[in-house]
Structures are given as C-alpha cells and as structure tokens.
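Engineer: Dropping the structure in here first, questions after.
The values are calculated or read from the model by the stated rules, or taken from the named source; none is laboratory data. This one's a predicted model, so the numbers in the text were calculated from it and none came from an experiment. Cβ coordinates were reconstructed from backbone atoms using ideal geometry, including for glycine residues, and neighbour counts include every protein chain displayed. These area figures cover heavy atoms from the full protein model, side chains too; ligands, DNA and RNA do not enter into them. Shrake-Rupley method; radii C 1.70, N 1.55, O 1.52, S 1.80 Å.
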Amino acid sequence: MASARRSAARLTRNAFFGIALSVQEYFALVARLLKSCVSRPFYRRDIVQQMDTIGVQSLFIVVLTGLFTGMVLALQSAVEMERFGATIYIGRLVGASTVRELGPVLTALMVTGRAGAGMAAAIGAMKVTEQVDALRTMGVDPVRRLVVPRFLAAIIMLPVLTIVADLVAIFGGLLIAVVKLDLTTELYMRSVYETLAQSGFILKFIPIDLIQGLAKPLAFGAIMAATSCFYGLRTSGGTEGVGRATTQAVVTTSILVLAVDYFLTQILIVMFVQ
Amino acid sequence: MNDQPIGSGEPVEPNAPDEALADEVRAELRRSLEAEPAEPKKSEIVELRDVWLSFGAHQVLNGITLGVARGETVCILGGSGVGKSTVLRLILRLLLPDQGEVMVEGRDISAVSYVDVLQLRERMGMVFQGSALFDSLNVHDNVAFPLVEHTDMPDDAIFDRVREVLSFVDLVPEDVLSLLPAELSGGMRKRVAIARAIVHEPPILLFDEPTSGLDPITTRTIDELILKLRSELSVCAVVVTHNVRSAARIATETALIKDGQIIFNGSPEEMFACEDPYVRSFLS
Ligand SMILES: Nc1ncnc2c1ncn2[C@@H]1O[C@H](COP(=O)(O)OP(=O)(O)OP(=O)(O)O)[C@@H](O)[C@H]1O
Ligand SMILES: [Mg+2]
C-alpha cells in the first residue's frame with residue numbers, strides 16, 4: 001500500500017516536472033522565435049508560401065464557418081425576438097457577437113484544425129525523417145527557417161481571415177433576416193452599424209469593437225503557430241509520433257485559444273470600456 | 001635450410017657487403033617508428049576522446065575514443081542500436097557528450113559558440129541514414145541548398161555545380177533535376193543525399209549507412225564513390241555501415257562498437273585476422 005502510494009507520488013511528481021519542463025521549453029522556443037523575427041536572414045519566399053497555405057487555402061472553410069454561424073445566430077435569436085416583436089435588433093445581435101467573439105474564436109479554431117495541424121504534421125514529419133537535423137547540419141537554424149515563416153504568416157493571415165469571417169457572418173444573418181423575417185437590408189445593416197458604433201470609435205472611424213476583434217486573431221495566430229511548431233519540433237517515434245504531435249498541437253492550441261480569449265476579453269474591456 | 005621461398009629463381013642478394021647501409025635503414029625505421037605515436041595527434045581532423053553519452057537512464061556510449069586523420073576513411077561497425085549514428089551526431093554537435101571531448105579540426109566542439117557551430121558544420125557533409133532529403137524541394141534545390149545558404153554563387157554557377165556533382169554520383173542530371181524526393185528510388189535518394197553532402201566540398205564527410213537496403217551493384221557504386229572522394233578530394237570520412245564487405249573495400253581503419261565501447265580498432269586486414277570471438281562472429 002505504502003509503496004503504491006509512494007510510486008503514485010513519484011508518478012505525479014514526474015508528470016509535474018515533465019509539464020514544467022515542457023512549459024519552460026515552450027517559452028524558450030517563443031523567445032528564440034521572437035528574436036529570430038527581428039534579425040537576419042529572413043526567408044521571404046517561405047513566408048509568402050506559408051501565407052498561401054494558412055490564409056488562401058483556409059479561405060473556403062472560413063467562409064463556410066462564417067456563413068453558417070451568421071445564419072444560425074439570426075435564426076436562433078429570431079425565435080426569441082419575434083416573441084417581443086424585436087426582430088429589428090437581429091443585426092445588433094449578429095454584428096456584436098460575431099465581431100467581438102465568434103468571428104475571432106471560430107476562425108482560430110477552424111484554422112487550427114486545418115493549418116495548425118498541417119504545421120505540426122509537416123514539421124513533425126521533417127523531424128522524424130531527420131530533415132530537421134539535416135537543416136542544422138547545413139548550418140541553418142530550424143527555428144528561423146521553419147518556425148518564423150509560419151509564425152509571421154499566421155499573425156498576418158488570421159486577422160485577415162477573421163475579417164472575412166465577420167463579413168460573411170453578417171451577410172449570413174442578412175440572408176435570414178431578409179428571407180425569413182421580412183426585414184429590409186437597410187434596417188438590418190443599420191442595426192449592425194449601431195451596435196458597432198455603440199462602443200465608440202478610435203480616430204473617429206475605426207470601431208473599438210473591431211480593434212478587439214483584430215487584437216484577438218493576432219494573439220490566436222501567434223499561439224497557433226508557436227504551439228503547433230513546438231509540438232512538431234519535439235516529435236519523436238516515427239509516423240505514430242507525427243500523429244500524436246498533430247493531435248496534441250490541435251488540442252492544446254484550441255484550449256489555449258479559448259482560455260486566452262477569456263483573459264484578452266477581460267483586458268480589452270478594462271482598456272476600452274469606461 | 002634456405003630461408004628463401006621455394007621456387008624463387010632469383011639468386012639471393014648477399015647482405016654482408018651492405019651491412020652499414022642496412023644499419024642506417026634500420027635506424028631510420030626505428031626513428032620513424034618512434035615518431036609515429038606523436039604524429040597522428042597533430043593530423044587528427046576528427047577526434048573523440050573518452051566520450052560518454054546516455055539518453056535518460058539508457059547508457060549508450062561508455063568511453064569511446066576514436067581519431068580520423070586527413071585522407072582517412074574510418075568505418076564504424078556494430079550491431080543495431082549500439083550507438084553508431086549517435087557517434088556521427090556527436091561529431092556534428094547535434095548531441096553533446098555527457099563526458100569526454102569531441103574535437104573537430106583541433107577545436108573542442110562543446111566549447112564553441114553558436115555562430116561558430118554553424119561555421120563548423122559548414123565544414124562537414126552528412127549523409128543521413130534515411131537520406132533526409134527535403135520533401136518539399138526538388139533534386140536541384142536539395143543539392144543546391146548548402147550553396148544557396150552559405151555562398152554568394154550566382155544561380156547559373158550553382159546550377160553547373162549541381163549538375164557536376166550529380167554526374168559525380170552517377171546520376172543523369174537532366175533526368176533527375178526537377179524530380180521530388182518522393183519520385184526517386186531509395187538508391188537514387190541516397191546518391192542525391194551524397195551529392196548534397198559533397199556539393200560545397202567539405203573536408204569532413206560523414207556517412208550513416210550509405211549502402212543499407214541497396215542491391216550489391218549499387219552498393220559497389222557507392223563504395224567506389226567514397227573511394228573516389230578520398231582519392232580525388234582527399235577528404236576525411238567516417239562511414240557507419242553494417243556491411244562488412246563494404247568496410248573491407250573502403251576503410252583505412254575500422255572500429256567495432258559493442259556495449260558502448262570500441263572493442264576493436266584497426267585496419268580491415270587486422271580485423272579479418274582478429275581472433276576475438278565477437279569480432280569473428282560479427283564478420284561471419
Ligand atoms: N533521441 C534519442 N532519445 C532516446 N534514445 C535514443 C535517441 N537516439 C538514439 N537513442 C538510443 O540510443 C541507442 C543508439 O542509437 P543509434 O541510432 O546511435 O543506433 P545505431 O547504432 O545507429 O543503430 P542502427 O544500426 O539501427 O541505425 C539506441 O538504443 C536508441 O534507442
Ligand atoms: Mg543508425
């Protein structure tokens with residue numbers, strides 16, 4: 001009994017140290033990554049290629065996500081609002097919830113499932129086939145060559161994709177509003193505008209909501225790229241290891257995105273809402 | 001009884017009149033023999049001194065000492081998982097020893113700075129066990145990689161150089177240049193990997209099982225390639241291999257690893273003459 005308890009204690013301790021060590025390694029990677037972002041050499045061609053992989057190739061799923069999210073939001077709220085005869089506020093609801101929350105978060109989750117998994121798998125496969133070592137052997141820093149382009153591409157493309165998702169979601173809401181609820185386009189759009197105007201503007205024309213809605217994807221892009229590359233680079237154990245790394249990358253990124261979303265929201269509210 | 005081999009038609013040169021000359025020769029020989037031990041220390045390009053390494057609780061190397069001089073080819077032999085690849089990784093400083101020193105061109109590589117490591121690695125070419133060609137780049141870009149990264153060579157000069165080394169490894173440049181690694185056979189991949197390792201003419205070459213899984217003819221071609229590299233570029237090479245016959249063909253020195261230690265170190269002839277039961281069983 002005592003020995004079982006002791007070995008359980010040891011297991012827990014080892015697991016704890018394992019996690020602590022991983023967290024430390026993670027931040028070491030992030031530090032190296034940030035340092036490499038601001039110093040030569042840059043691999044411009046790789047950045048453009050990654051922007052294509054992360055951005056352009058994710059466009060389709062992001063559009064679909066935005067469309068259905070906007071439509072279902074309008075549909076759900078219509079049921080409630082019709083009871084109070086408040087369907088003219090549909091635009092407010094769709095606009096506020098997509099721009100502030102659902103646009104950034106759902107885009108990040110969808111892109112993680114697609115591009116984040118791809119990053120972990122690609123780097124993981126390179127790791128287990130010794131291509132990462134081959135890079136190092138040829139005097140090339142894998143962080144600079146493999147991680148930095150993905151990181152930069154992710155923090156550029158995620159905000160762009162989020163804007164696309166927001167616009168499509170608002171359009172999806174419009175479809176439902178016009179087709180199902182007999183609202184006019186103008187009424188719906190005015191209500192969307194009103195909710196964005198409500199929290200105010202920066203420099204008179206940039207809605208604060210949009211700043212929130214873009215600060216988030218910037219952070220999510222960074223988290224996705226850093227986490228996926230982290231798991232990719234520490235892949236071991238052949239093809240099975242690649243599968244494991246991919247799963248871990250997606251799960252960890254998704255949880256981090258949701259957690260960071262909460263804390264970022266808190267911070268942004270403190271900063272912008274007086 | 002006559003000392004002479006039976007059947008030798010040549011009359012024996014009587015050595016009595018040349019007594020003095022013979023003495024001189026003997027003295028010269030003795031001097032060179034005495035100088036011998038100090039000599040290789042200076043010319044060792046790669047040297048491992050009492051290197052110990054473990055992965056967690058798994059002790060892999062227990063005091064490996066090995067030297068490779070210019071123009072020498074050392075073959076490392078041993079069973080699967082004894083740490084042959086690990087030795088190459090140590091030389092490349094992809095791993096650091098727990099204890100002992102790894103010297104490359106007279107420098108202790110544990111002590112060199114990050115920038116110097118990159119420079120050091122440019123002086124080495126490595127052929128990985130699984131070739132490790134970059135999946136996303138075609139053959140030309142793979143082979144050109146070290147040149148693109150580290151030289152200011154113009155594109156057409158790089159192109160010419162790539163074609164040159166591809167021919168050197170017996171590939172037809174026109175046929176393979178634009179292919180992706182996935183479109184090559186295992187033997188072709190190995191040869192492209194060798195081309196990539198030698199394209200920037202490094203003085204140190206490391207081969208991890210360059211002939212494993214290849215047919216005897218391709219194996220022979222690659223062995224001849226390694227011999228050609230030694231005679232034409234006078235590189236210093238470390239070759240890990242399972243193939244005893246290859247080792248006999250290409251090695252100037254062999255090292256047999258067992259239980260984390262070098263249990264035999266000597267020329268291939270010495271290895272084949274060795275009485276040690278493990279060496280014998282490994283050779284048979
Ligand atoms: N990164 C690592 N982490 C943990 N253990 C490792 C690692 N790399 C190698 N090992 C262990 O070290 C030992 C030596 O591995 P190494 O790859 O050097 O063997 P090898 O002699 O090249 O074998 P083979 O002929 O099969 O290629 C093996 O037992 C392996 O399990
Ligand atoms: Mg090996």
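Engineer: Output the number of residues of region A:97-114 satisfying the condition of being in contact with a Leu (Cβ under 8 Å, 6 or more places away or on another chain) and either more than 16 Å from residue A:164 (Cβ to Cβ) or not in a helix (DSSP H, G or I) (or both).
Structural biologist: Residues in region A:97-114 being in contact with a Leu (Cβ under 8 Å, 6 or more places away or on another chain) and either more than 16 Å from residue A:164 (Cβ to Cβ) or not in a helix (DSSP H, G or I) (or both): 1 in total.
Engineer: Continuing with this model, one more query. Taking region B:46-58 on its own, how many of its residues are away from ligand 2 (no atom under 16 Å from the Cβ) and over 17 Å from the mean Cα position of the chain (by Cα)?
Structural biologist: Looking only at region B:46-58, we keep the residues that are away from ligand 2 (no atom under 16 Å from the Cβ), and these are B:46-52, B:54, B:56-57.
Next, from what is left, pick out any that are over 17 Å from the mean Cα position of the chain (by Cα): B:49-52, B:54, B:56-57.
Counting residues in region B:46-58 that are away from ligand 2 (no atom under 16 Å from the Cβ) and over 17 Å from the mean Cα position of the chain (by Cα) gives 7.
Engineer: Would you list the helices (runs of 4 or more DSSP H) that sit entirely within region B:59-150 and hold 1 or more residues that are more than 17 Å from the chain's Cα centre (by Cα)?
Structural biologist: Working: elements: B:84-91, B:114-122, B:139-150.
Output list reads B:114-122, B:139-150.
Engineer: Can I ask one more? Give region B:195-236 a look and list any residue that's touching a Leu at 6+ places or on another chain (Cβ under 7 Å) and open to solvent by 20 Å² or more (accessible area, probe 1.4 Å), or say none.
Structural biologist: Passing the criteria: B:200, B:201.
Engineer: Still on this model: With A:119, A:126 as the choices, which residue is in a helix (DSSP H, G or I) and either open to solvent by 10 Å² or more (accessible area, probe 1.4 Å) or β-branched (Val, Ile, Thr) (or both)?
Structural biologist: Numbers: A:119 fails: either open to solvent by 10 Å² or more (accessible area, probe 1.4 Å) or β-branched (Val, Ile, Thr) (or both).
Of A:119, A:126, the one residue that is in a helix (DSSP H, G or I) and either open to solvent by 10 Å² or more (accessible area, probe 1.4 Å) or β-branched (Val, Ile, Thr) (or both) is A:126.
Engineer: Oh, and also: When you check residue B:234 against the structure, is it within 14 Å of the chain's Cα centre (by Cα) and either under 21 Å from residue B:147 (Cα atoms) or at pLDDT 90 or above (or both), yes or no? Steps first, please.
Structural biologist: Values: within 14 Å of the chain's Cα centre (by Cα): yes; either under 21 Å from residue B:147 (Cα atoms) or at pLDDT 90 or above (or both): yes.
Yes.
Engineer: Look at residue B:197 and say whether it is within 16 Å of ligand 1 (Cβ to nearest atom), within 14 Å of chain A (Cβ to nearest Cβ) and modelled with pLDDT of 90 or more. So that I can check it myself, show each step before the final result.
Structural biologist: Values: within 16 Å of ligand 1 (Cβ to nearest atom): no; within 14 Å of chain A (Cβ to nearest Cβ): yes; modelled with pLDDT of 90 or more: yes.
Against the criterion (within 16 Å of ligand 1 (Cβ to nearest atom), within 14 Å of chain A (Cβ to nearest Cβ) and modelled with pLDDT of 90 or more), residue B:197 does not qualify.
Engineer: Kindly check whether there is at least one residue in region B:255-272 that is open to solvent by less than 10 Å² (accessible area, probe 1.4 Å), within 16 Å of ligand 1 (Cβ to nearest atom), farther than 30 Å from residue B:143 by Cβ and among the β-branched types (Val, Ile, Thr).
Structural biologist: Yes, region B:255-272 has at least one match.
Engineer: Just one of B:83, B:67, B:71 is within 14 Å of ligand 1 (Cβ to nearest atom) and away from every other protein chain (no Cβ under 14 Å); which is it?
Structural biologist: Details: B:67 fails: within 14 Å of ligand 1 (Cβ to nearest atom); B:71 fails: within 14 Å of ligand 1 (Cβ to nearest atom).
So the residue among B:83, B:67, B:71 that is within 14 Å of ligand 1 (Cβ to nearest atom) and away from every other protein chain (no Cβ under 14 Å) is B:83.
Engineer: Same structure again: Is at least one residue of region B:154-169 assigned to a loop (DSSP other than H, G, I, E, B) and over 23 Å from residue B:218 (Cα atoms)? Walk me through how you get there before you give the answer.
Structural biologist: Taking region B:154-169 and keeping what is assigned to a loop (DSSP other than H, G, I, E, B), we get B:154, B:169.
Right, trim to over 23 Å from residue B:218 (Cα atoms) and you get B:154.
So far as region B:154-169 goes, yes, one or more of its residues are assigned to a loop (DSSP other than H, G, I, E, B) and over 23 Å from residue B:218 (Cα atoms).
Engineer: Which ones in region A:261-274 are open to solvent by 40 Å² or more (accessible area, probe 1.4 Å) and assigned to a helix (DSSP H, G or I)? Write out each step before concluding.
Structural biologist: Looking only at region A:261-274, we keep the residues that are open to solvent by 40 Å² or more (accessible area, probe 1.4 Å), and these are A:262-263, A:266-267, A:269-274.
Across region A:261-274, the qualifying residues are A:262, A:263, A:266, A:267, A:269, A:270, A:271, A:272.
Engineer: Moving on to the next point. Can you pull out the residues in region B:103-145 that are more than 14 Å from chain A (Cβ to nearest Cβ) and surrounded by fewer than 24 Cβ atoms within 10 Å (Cβ to Cβ)?
Structural biologist: The first filter runs over region B:103-145 and keeps only residues more than 14 Å from chain A (Cβ to nearest Cβ), leaving B:103, B:105-108, B:110-111, B:138-140.
B:103, B:105, B:106, B:107, B:108, B:110, B:111, B:138, B:140, listed by residue number.
Residues checked against (1) within 15 Å of residue A:155 (Cα to Cα); (2) loosely packed, with under 14 Cβ neighbours inside 10 Å:
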residue: A:40; (1), (2): no, yes
residue: A:52; (1), (2): yes, yes
residue: A:56; (1), (2): yes, yes
residue: A:60; (1), (2): no, yes
residue: A:68; (1), (2): no, no
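Engineer: Moving on to the next point. Given the conditions (1) surrounded by fewer than 23 Cβ atoms within 10 Å (Cβ to Cβ); (2) in contact with a Phe, Trp or Tyr (Cβ under 8 Å, 6 or more places away or on another chain), which single one is not true for residue A:134?
Structural biologist: All conditions are met except number (1).
Engineer: Then there is this: Counting just the residues of region B:86-102 that are in contact (Cβ under 8 Å) with a residue 24 or more places away in the chain and touching a helix residue (DSSP H, G or I) at 6+ places or on another chain (Cβ under 7 Å), which one comes out nearest to the other protein chains (Cβ to nearest Cβ)? Give the derivation first.
Structural biologist: Of the residues in region B:86-102, the ones in contact (Cβ under 8 Å) with a residue 24 or more places away in the chain are B:86-88, B:90-93, B:95, B:97-102.
If we keep only those that are touching a helix residue (DSSP H, G or I) at 6+ places or on another chain (Cβ under 7 Å) as well, we get B:92-93, B:95, B:97, B:102.
Numbers: B:92: 6, B:93: 9, B:95: 10, B:97: 17, B:102: 15 Å.
Top of the filtered list is B:92.
Engineer: On to the next question. Right, residue B:79: under 30 Å from residue B:61 (Cα atoms), surrounded by 21 or more Cβ atoms within 10 Å (Cβ to Cβ) and within 16 Å of ligand 2 (Cβ to nearest atom) or not?
Structural biologist: On the way: under 30 Å from residue B:61 (Cα atoms): yes; surrounded by 21 or more Cβ atoms within 10 Å (Cβ to Cβ): no; within 16 Å of ligand 2 (Cβ to nearest atom): yes.
So residue B:79 fails the test.
Engineer: Going residue by residue through region B:161-179, is there one that turns out to be within 14 Å of chain A (Cβ to nearest Cβ) and either open to solvent by 40 Å² or more (accessible area, probe 1.4 Å) or farther than 23 Å from residue B:226 by Cβ (or both)?
Structural biologist: Just the residues of region B:161-179 that are within 14 Å of chain A (Cβ to nearest Cβ), to begin with: none.
No.
Engineer: From the list B:54, B:43, pick out the single residue that is at pLDDT below 90 and surrounded by fewer than 18 Cβ atoms within 10 Å (Cβ to Cβ).
Structural biologist: Numbers: B:54 fails: at pLDDT below 90.
None of the other options fit; the residue is B:43.
Engineer: Now a separate question. Considering only residues of region B:237-254 that are crowded, with 20+ Cβ neighbours inside 10 Å and β-branched (Val, Ile, Thr), which is nearest to ligand 2 (Cβ to nearest atom)?
Structural biologist: B:240
Engineer: Next question, about the same structure. Being within 14 Å of chain B (Cβ to nearest Cβ), on the phi < 0 side of the Ramachandran plot and not small (Gly, Ala, Ser) is the filter here; which residues of region A:89-132 pass it? Explain how you work it out, then say what you get.
Structural biologist: If we filter region A:89-132 for residues that are within 14 Å of chain B (Cβ to nearest Cβ), which is where we start, we get A:118-119, A:121-132.
Adding the requirement that they be on the phi < 0 side of the Ramachandran plot leaves A:118-119, A:121-129, A:131-132.
Scanning region A:89-132 gives A:119, A:123, A:126, A:127, A:128, A:129, A:131, A:132.
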